[in-house]
Every structure is written in C-alpha cells, then in structure tokens.
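Comments concern the structure below.
A short reminder: the numbers here are calculations on the coordinates, not readings from a lab. Because the structure is a prediction, the values reported are computed rather than measured. Cβ placement follows ideal geometry from the backbone for every residue including glycine, while neighbour counts extend to all protein chains displayed.
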Amino acid sequence: MNPKLNTLLTTLYVLPTDRVLPDLGYDRSSKPGRKAILSDAELLCLVVAQHLLHGHSSESRWVRYARTHLSGLFPGIPQQSGYNKRVRAAGPLISAVITALARDTESWHEILRLLDSTPVPCGTSRETVKRSELAGHAGYGYCASHSRYFWGFRLYLISTPEGMPVIWGLANPKLGEREVTEALLRHDHHLVRDGQVILADKGFAGKEFERFIAEDLGANLVRPDRKDEKPRFGKFGGIRQWIESVFDSLKGQLGLEHHGARTLDGLYARVASKLLALSAGIWHNWKTNEPRKRSLTAYDH
C-alpha cells in the first residue's frame, strides 16, 4: 500500500470513530453473537481501500489480497462470506459517512449542485434477467450517450462541482427522471439550502418539477435550453461535462459497472461503497490541498 493511501485511511478512520458512529448511536457491543474483531471504522477503511485499489476485481479476489497483504493494518479480516455480510449490513452506515465527508469539505458551502443519472447494468443475458434476484426491481432502459439498451438500474446523483456526492439513489430505469429526483429531494430536503442552483440536463425539463425546486426547496433549477422553447439559460456545454467526468471516474477508476451484485441490498451496498471511495478521495484531497480534487490516481496502487 502506498503512503498516500495509508495516510488517507488513517485520517478517514478518525471521522466515523469520533463523529459518525457516536452521532448514529451505532454500537456493535450490544448485538448478540460473537464479537467482531474488525471494527466498523476499520471495515469502512477496508471498503475504501478495496474500491480504490481493486474496483474492477471480484470481492473474493479482494479478500484474498487483503488477508495476505493488509492483515497488519486490519487484523481479523473475515473470509469472503463474512466480509460480504458485514458490507451489506453496513449500507446505511456507509451512506451516513458519505454525507459526513461531504459536510466536511469546503465545497459543501458552494451554491452550485450538479444533477444527472447514469445506467448501472446488472445483467447482459436473458437468462440472467429471468433468474436474477433483482428481477422485479431492475428494468430495461436506454442509455442515449452510448446508444444502447441495458437491464439494471439508474444511479441518480446530486454532487458538488468537483464531484462530492451529496444525494444519491438507485431506481428502475422505467421510472421518470423528474419523479425519481423529486422523491430523492423530498427525502433529503435538509441537504439542500435556500438559493442553491441545481444544474441538470434537458431530461429534467418540466414546469411541475421546476415549481417543486423553486417553491418547495427554495432552490433554482438551471438546464440547457431545448430547441422547442425560447432561450432562457444557454447551453452549459462545458459545465455539463463536469458531471459526466464524475460518472467517468466512478466507472473507469472505481468499476461502477462491474459491481457484481446479485441482490438488492448487495447492489445498494456496493454502489454506496464506490461512492464512499470517491468521497474519501475528494475529502482527503481537500484536506491536503491537492489541485485536482477528484483525482484518485495517487491512491490506486
């Protein structure tokens, strides 16, 4: 493990230990059964290391690597089945840590938020669609940027300009983008401040959705103009590429499309884990004053 990743994990360990776990009242000592040797804070650090180092690899390969090379830092790493259970159970905790990391960066106070969605494929064959435990939850959708259909979910992400996740969720691709985003914003409305500007693409155009953003949230929705309406905002071509580059980091460096999940809670935990790795990298880059806040290259080897 290189020194920068080691420093990131050491620094990250303090945040859930001192702030997030006490705030949530998260105490494993009261739970029945044999006490885990690997603490929850250590598990979170191990998850971040997994997706920064082996984002495209299978979980079983990662556990073999960790038990061989990282046992000095993380004593008591469980076998693959035990690790999988711990990560799936930690889904809500991972989401809480993502929010804590976002609040602890300077960009949290910026007025601009980026909004978009991207496909998260969960199968590529008809047999997978028929037999998967995700059947009934996942669905078919179309990815316009790659001109292809997929079976799975869409990841909806609202982030800061440099890509720090603020609000996120998974939804069936057959559901409308505006309806899904409105449900997410209603649930996490406390994460949106009055006067904030939410920059989205043309797919989020709609009078009712704009009214909801303005009247219910006190924010402002800004999007590129459509061809069939009067000019309002412009094209935002360069700024719109910011959110695309965030998705590129999630897919290219963290393996979002290679999650390998077969169950709904497993998918949620693995997508959350990749967002946690991205959040941790951005958070640490802010703390160390790195010029490129979303760069993960220093931690991936």
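Rounded to whole Hz and in sequence order, give me ³J(HN,Hα) for the stretch 194-204 from the Karplus expression 6.51 cos²θ - 1.76 cosθ + 1.60, θ = phi - 60°, writing x for Gly and Pro.
Per residue, the Karplus-derived 3J(HN,Hα) values read 4, x, 5, 10, 9, 9, 10, 9, 5, x, 9 Hz.
Once the piece of chain linking residue 239 and residue 147 is laid out straight, how much longer is it, given 0.36 nm per residue of separation minus the C-alpha distance between them?
Length gained, residue 239 through residue 147: 30.9 nm.
Which value does Rg/Rh take for the stretch 144-213 over its C-alpha atoms, Rh per Kirkwood?
0.96
Where the Cα atoms of the stretch 111-263 are projected onto their three principal axes, how long is each span, largest first, in whole Å?
Per principal axis, max minus min of the Cα coordinates gives 47, 31, 29 Å.
Show me, for the stretch 159-176, the HN-Hα J-couplings you get by feeding each phi into the Karplus relation (A = 6.51, B = -1.76, C = 1.60, θ = phi - 60°), rounded to Hz, glycine and proline as x.
9, 6, x, 8, x, 5, x, 10, 9, 8, x, 10, 8, 4, x, 6, 6, x
Applying the Karplus parametrisation 6.51 cos²θ - 1.76 cosθ + 1.60 with θ = phi - 60° to the phi angles of the stretch 143-154, what ³J(HN,Hα) value in whole Hz is obtained for each residue in order, glycine and proline being reported as x?
These are the phi-based 3J(HN,Hα) values: 9, 5, 5, 10, 6, 8, 8, 8, 10, x, 9, 10 Hz.
Which loop-located GluC sites (Glu not before Pro) does the stretch 102-151 contain, where loop means any DSSP state but H, G, I, E or B and the Cβ has at most 16 other Cβ atoms within 10 Å?
Sites meeting the loop and neighbour criteria: 110, 133.
What FRET efficiency comes out for the pair residue 2/residue 216, r = Cβ-Cβ distance, R0 = 45 Å, nearest 0.05?
Step by step, r from the Cβ atoms, then E = 0.45.
So if each residue of separation counts as 0.36 nm, and I subtract the Cα-Cα distance between residue 297 and residue 36, what length gain in nm does that give?
My answer for the length gained is 90.7 nm.
Which residue, 136, 156, 17, has the largest displacement toward the positive end of the dipole of the chain when charges sit on each Cβ (Lys, Arg +1; Asp, Glu -1)?
Towards the positive end, the residue furthest out is 136.
Can you compute the helix-only [θ] at 222 nm over the chain? Use -39500 (n - 2.57) per DSSP H run of at least 4 residues, normalise by all residues, nearest 500 deg cm²/dmol.
-13000 deg cm²/dmol
Quick check for me: using +1 on Lys/Arg Cβ and -1 on Asp/Glu Cβ, what's the dipole size of the chain about its Cα centre, in debye to the nearest 20?
860
Give me the compactness ratio for the chain, meaning the Cα radius of gyration over 2.2 N^0.38 Å.
That ratio works out to 1.02.
Please find the FRET efficiency linking residue 196 to residue 229, where r is the Cβ-Cβ separation and R0 is fixed at 22 Å, and quote it to the nearest 0.05.
Once rounded, the FRET efficiency stands at 0.40.
Quick check for me: using +1 on Lys/Arg Cβ and -1 on Asp/Glu Cβ, what's the dipole size of the stretch 1-115 about its Cα centre, in debye to the nearest 20?
That gives a dipole near 600 debye.
Once the Cβ-Cβ distance between residue 17 and residue 104 is put in as r, and R0 is 25 Å, what FRET efficiency do you end up with, to the nearest 0.05?
About 0.95, to the nearest 0.05.
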